[in-house]
Amino acid sequence: MKWLGYIGLMVSLGFCTQSVLAGIEVGGTRVIYDGTQKEAELSVSNSDKTTPYLIQSWVEHFVGGSGERVPFLVTPPLFRLDAQQENMLRVVRVGGLLPEDRESVFYMNIKSIPATQESTTNQLQIAVKTQIKLFYRPAALKQLNAGEAYKQLTFSRRGGQLRVSNPTPFHVSFYSVKVGDAVIDQPTMVAPLSTQEWSLPASAGQVVTWQAITDFGGISPSVQGAL
């Protein structure tokens, strides 16, 4: 009977989690901050029919442990979002020294906390945090085509490693990377003017195929290159 109780609790947790996740919808998988503009925007909507949420938003460094102040703030940083309503988050730059010859990347966080109702019974409240990348694109890069950056990547084999070189000033986020039939697990992203390496199976072929994630969260056409 104890196991039945545990199973019932897990099912209840699953339903609560799905409900919370379904309630708040973020209007993008990434934020591109155009350096020629005063701010960037991101919509947040509450699709729940009855439950209001408390929304908290902030920007943090992409690499943890940095003692520098984050040069962006989100407004409003904390607000109530009623059922079936939408609000716009605005990201504003507040100083900071950032490179002007390449993109910089940060994390934007949106935490949603459902409202609780008065009750004599215990209630389970789950806060869900959504974390997406925030790319700051300097004004000096305005004339360049960020959408073509993934085509300029070059790949090479170094022993048991696959190396990708990014000669562009833009971050390239990968959707997939394959060498022959060998799939690179979670290739993530290569930073501007830098390289990234992954372990490569010995049986991998000589042709690499890759796809990138676009500014709008879509998937690019595939590109092939020889090692």
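Bear in mind that the values in this text are calculations on the coordinates, not laboratory data. Please read these numbers as outputs of a predicted model, since none were measured by experiment. As a convention, Cβ positions derive from the backbone with ideal geometry for all residues, glycine included, and neighbour counts pool all protein chains shown.
Based on C-alpha pairs under 8 angstrom that are at least 6 apart in sequence, the chain has a relative contact order of 17 percent. Think of region 146-226 as having a plus end and a minus end, set by charges on the Cβ of Lys, Arg, Asp and Glu; of V183, P169, G159, G159 sits farthest toward the positive end of this dipole. Rounded to the nearest 20, the size of the Cβ-charge dipole of the chain about its Cα centre is 340 debye, with Lys and Arg at +1 and Asp and Glu at -1. Under a 5 Å amide H cut-off, with hydrogens placed 1.01 Å from N, V172 pairs with V190 among residues at least 5 apart or on other chains. Net charge near R163: determine it from the other residues with C-beta under 11 Å of the C-beta of R163, scoring Lys and Arg +1 and Asp and Glu -1. Combined, the nearby Lys, Arg, Asp and Glu give +1. Once the Cα atoms are used to define both axes, helix 2-23 deviates from the longest principal axis of the chain by about 70 degrees.
Over the chain, dividing the summed -39,500 (n - 2.57) contributions of all DSSP H runs of at least 4 residues by the number of residues returns a 222 nm mean residue ellipticity of -3500 deg cm²/dmol.
In summary, the lysines within cross-link reach of K142, defined as a Cα separation below 17 angstrom excluding same-chain residues under 8 places away, comprise K38. Note on E39 and A139: their simple-model spin labels are 1.9 nm apart, each label 7 Å out from Cα toward Cβ. Taking 7 Å steps out from each Cα toward its Cβ at E100 and S176 produces label points 4.2 nm apart.
Cross-link partners for K111 among the lysines, with Cα-Cα distance under 17 Å and sequence neighbours closer than 8 places in the same chain left out: K129, K133.
Using square roots of five times the C-alpha gyration tensor eigenvalues, list the equivalent-ellipsoid semi-axes of the chain in whole Å, biggest first.
38, 26, 14
Taking a ≥ b ≥ c as the square roots of the Cα gyration tensor eigenvalues, region 124-227 comes out oblate, since a/c reaches at least 1.5 and a/b does not exceed b/c.
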